[in-house]
Amino acid sequence: MTVLQAVRRWLEKRNEIRRRWQRDAQVLILLDKRTAYYEAQRRAARSRVDGDAREFVHWAKVAAEIVRTAPDAEMDIDVVRAVVDDELERLRPGSTRGI
């Protein structure tokens, strides 16, 4: 494989990753534009709690894409904190959430 082929392959992979987060952002916006950002943050938090770094980064990028493309979506930091707290509570011993 030549260097040019390797660069092309890398660029194709990056473009595929970008299309995935853009597509997921659009799906969440279509489902409910008002809460799309919170849902992306919930999924990022869940991935982080589950220890899945790749998915955490993906959903964080989805949230950023929602901010970029749907400025009228709700984006309240207190709600985001509550979402993250909810996901953390899901893992606490004795928690009945997530059952």
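The values are calculated or read from the model by the stated rules, or taken from the named source; none is laboratory data. Quick caveat, the model's predicted, so the values are computed rather than measured. Here Cβ is always computed from backbone atoms with ideal geometry, including for glycine, and neighbour counts include all displayed protein chains.
Quick notes on this structure:
- Any hit, the range 36-49, residues being farther than 30 Å from residue 89 by Cβ, modelled with pLDDT of 95 or more, touching an Asp or Glu at 6+ places or on another chain (Cβ under 7 Å) and part of a helix (DSSP H, G or I): no
- Checking each residue in the range 50-70 for being surrounded by fewer than 18 Cβ atoms within 10 Å (Cβ to Cβ) and either in a helix (DSSP H, G or I) or of a type in the set (D, E, K, R) (or both) picks out 50, 52, 53, 54, 55, 57, 64, 67, 68, 69.
- Count - residues of the range 56-82 that are among the aliphatic types (A, V, I, L, M), under 15 Å from residue 39 (Cβ atoms) and under 13 Å from the mean Cα position of the chain (by Cα): 7
- Looking across the range 18-43, just one residue is among the β-branched types (Val, Ile, Thr) and in contact with a helix residue (DSSP H, G or I) (Cβ under 8 Å, 6 or more places away or on another chain), and that is 29.
- Scan the range 1-21 for residues that are exposed (fewer than 10 other Cβ atoms within 10 Å of the Cβ), of a type in the set (Val, Ile, Thr) and part of a helix (DSSP H, G or I) and the total you get is 1.
- The residues of the range 71-83 that are charged (D, E, K, R) and assigned to a helix (DSSP H, G or I), listed by number, are 78, 81.
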